[in-house]
Structure formats: C-alpha cells, structure tokens
Amino acid sequence: MIATPKEILLSVFPEEEITDYLLHRASLVQEQFQRLSAHRLISLEDDIIGKNILDWECGTAAHASLFVFSGAKHVVATDSYPMWENPQIFSIAQNHFTYRGLSLPHALEDLPKNLLFDLCFSNTSSEHIAVEILEQSLQLIHQRLTKGGILFINHDNYYSPMGAHDVAVMHSKENYKTIIPKGEECWNDGFCPSSKETREYLGSQIYHPTDLDSPPESLDISIGDYVRCTDCPYYKRSQLWAHLLYPDEFDSLFGTWHRDCLNKITIQELRAILDRCGFDIVLEHPLIISNIPPATLLAKYGEENLTTTTLKMRCVAR
C-alpha cells in the first residue's frame with residue numbers, strides 16, 4: 001500500500017511542524033508516484049516492496065520516505081546539497097533508511113560492497129549534473145545495481161520553452177500540454193508606461209526562479225525607452241524558448257545561473273549516455289507540448305528536443 005502524505009511527512013518532520021503547505025507538497029509526491037505506476041514506469045510490487053532502492057539526488061527525501069513506508073527493504077538517499085540535518089526518519093525507520101549528504105561516488109563509499117540496489121530513482125536531477133560527472137555516476141550506478149535492476153529517470157529538458165526553469169515567467173495549462181507566459185502581455189497595449197507593473201514583477205522575480213523571494217538589489221527594473229516593444233529585453237525574456245532565441249539578452253538582464261546549474265544535454269545525448277553506461281531503455285513517457293517552435297530553432301535543435309518538456313524513462317541494467 002502506498003504511504004499517505006502524512007506518513008511521508010512524519011518521517012521527516014515532527015507532527016507539530018507539519019503545515020497545510022507541506023501536506024500539499026507530500027500529496028503531489030504521492031500523486032506523481034501513482035501516475036508513474038499508471039504508466040508502468042514504476043511498480044509497487046515489482047520495484048518497491050522488499051527491494052533495496054537508491055534515491056539519487058533525493059532533495060527533501062520525500063520520495064525516499066514514500067518508498068520506506070510503502071514496503072522497501074532499505075532505501076539509501078543521497079544528495080549533493082543536503083536540505084535537512086536530522087529528519088524524523090532517522091529514528092523512525094533506522095533499519096530501513098540511510099542518508100548521505102554527498103554526491104556520487106562518495107555517498108556510497110562506506111556502504112557494504114555487496115549491497116546491490118534493485119532500483120535507482122532519479123527525479124529531475126540528471127539535467128543539473130555536469131555531463132562528465134553524469135556519465136561517471138551512471139557507470140557507478142550500473143555497477144551497484146543487480147543484473148536486470150531498474151533505473152528510473154525523470155529528466156527536465158533544457159530545450160523546452162521552460163527549459164531554463166522559468167517558473168516565474170511561464171506556466172502551463174491544459175494538464176501541462178501548453179506553455180504560456182505569466183502576467184499581462186504589456187506589449188499588446190502599445191504604450192510602454194502601462195507595462196510598469198509587469199516589468200516590476202519580472203524584475204523582482206525572474207532573476208533566479210527557484211528563489212523568488214530574494215531578488216538581487218542591483219537588478220534594474222526600470223521601464224526604459226524602446227521604439228518597439230519587440231526591442232524590449234523584458235518582452236524577449238517573456239517569449240517561449242527565450243533562453244534559446246535571445247541568449248545575450250537572457251544572460252545580460254537576468255543572469256547566467258541557468259548556464260552554471262544546467263548541463264543542456266539533448267534527449268538524444270541522454271539516450272546515448274545511458275547506452276554507453278550499460279542501460280537499455282525499455283519504456284519512455286515524454287510530456288509533449290502543443291506549442292509550435294520557431295523555424296529557426298527547429299532547424300537547429302529538432303522538434304523532439306523543443307516540444308518535450310520532461311522525459312520519464314524506465315531503464316534496465318544489462
């Protein structure tokens with residue numbers, strides 16, 4: 001039986017610290033797992049119950065907790081940037097859970113050499129790891145998986161409209177099938193001062209989409225004088241695929257953090273890396289958008305890269 005959202009949270013937080021927001025986030029994790037199961041990417045009976053699992057770059061360890069309380073034999077959760085120091089799960093499930101706030105290979109160095117994993121779970125981390133380290137890590141994971149062991153990857157694709165993690169600028173509708181800009185499209189008014197509110201919103205929130213409450217003081221949110229709205233860097237930044245269409249304006253106005261933390265591998269490159277590391281892809285579940293890419297980008301990157309937002313893959317170790 002799949003663990004409930006509250007069971008997941010109680011493994012990490014004392015009950016008095018569990019908020020409605022945390023319950024909502026935990027329910028999203030549970031719902032995601034149910035979708036993965038429905039698409040046959042992960043099976044509770046075949047991949048979780050009684051199995052040894054590696055949660056690679058686990059983040060808050062919400063998935064790791066779900067695995068533990070859904071019947072896994074043992075879960076090892078690793079992360080290069082640990083987000084907590086003393087979760088409740090250390091004491092609640094100490095015989096079933098190991099945490100390492102380290103990257104591979106260091107996270108596995110002190111574990112028994114004969115500990116092999118039946119499943120490696122990687123949720124939206126493959127796009128953040130430098131290509132050479134990604135390949136080295138996948139080779140190590142292959143060595144630590146049982147023969148026929150499963151690797152699950154949920155890969156956020158850099159070449160999609162939101163590939164630079166533009167959560168403050170764009171959002172999806174129709175169940176993630178269409179990507180649209182956020183806020184008022186001020187350029188449609190034809191009068192620059194009317195865009196002040198939109199520009200201030202962008203200036204205060206876009207710089208680092210994963211840290212929306214802490215914009216740098218030096219960021220310029222002035223209106224500016226532009227003959228055409230299409231010359232305005234805020235307009236360019238709010239267009240789909242802006243990080244590919246206008247890379248100079250993207251970097252100069254909104255920083256280069258995306259270049260530092262995203263490896264920008266294509267879907268085809270990811271498949272090739274998995275093959276070199278000894279994995280056969282047995283099932284793919286891409287999330288395809290309906291937006292039509294610009295012809296200039298189609299010629300350079302191809303339709304699959306530009307219209308796939310995320311790619312979930314079930315792989316088997318050869």
Worksheet item: Of all residues in the stretch 11-28, how many are assigned to a helix (DSSP H, G or I) and modelled with pLDDT under 70?
Response: 3
Worksheet item: If we keep just the residues of the stretch 270-300 that are touching a Ser or Thr at 6+ places or on another chain (Cβ under 7 Å) and assigned to a strand (DSSP E or B), which is most open to solvent (accessible area, probe 1.4 Å)?
Response: ILE288
Response to the item:
Taking the stretch 29-50 and keeping residues open to solvent by 60 Å² or more (accessible area, probe 1.4 Å) and not in a helix (DSSP H, G or I) leaves HIS39, ARG40, ILE49
Worksheet item: Do we find that GLN136 is open to solvent by 10 Å² or more (accessible area, probe 1.4 Å), in contact with a Pro (Cβ under 9 Å, 6 or more places away or on another chain), at pLDDT 90 or above and outside any strand (DSSP E or B) in this structure?
Response: yes
Discussion item. Being β-branched (Val, Ile, Thr) and at pLDDT 95 or above narrows it down to one residue among ILE273, ILE289; which is it?
Written reply: ILE273
Practice prompt. Could you tell me whether the stretch 100-118 includes any residue that is outside any strand (DSSP E or B) and at pLDDT 95 or above?
Written response: yes
Worksheet item: Hey, any hits in the stretch 52-62 for a residue that's in a loop (DSSP other than H, G, I, E, B), modelled with pLDDT of 75 or more, in contact with a strand residue (DSSP E or B) (Cβ under 7 Å, 6 or more places away or on another chain) and open to solvent by 20 Å² or more (accessible area, probe 1.4 Å)?
Response: yes
Worksheet item: So which pairs qualify, if the first residue must be in the stretch 301-314 and open to solvent by less than 20 Å² (accessible area, probe 1.4 Å), the second must be at pLDDT 95 or above and part of a helix (DSSP H, G or I), the Cβ gap must be under 7 Å, and the two must be at least 6 apart or on different chains?
Response: ASN305/ILE267; LEU306/LEU297; LEU306/LEU298; THR308/ILE267; LEU311/ILE267
Worksheet item: Does the stretch 289-318 hold any residues that are farther than 24 Å from SER43 by Cβ and of a type in the set (A, V, I, L, M, F, W, C), and which are they?
Response: ILE289, ILE292, ALA295, LEU297, LEU298, ALA299, LEU306
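The values are calculated or read from the model by the stated rules, or taken from the named source; none is laboratory data. None of the values given here were measured: they were computed from a predicted structure. Reconstructed Cβ throughout: ideal geometry from the backbone, glycine too, with neighbour counts over all protein chains shown. All accessible areas refer to the heavy atoms of the entire protein, side chains included, with ligands and DNA or RNA removed. Shrake-Rupley method; radii C 1.70, N 1.55, O 1.52, S 1.80 Å.
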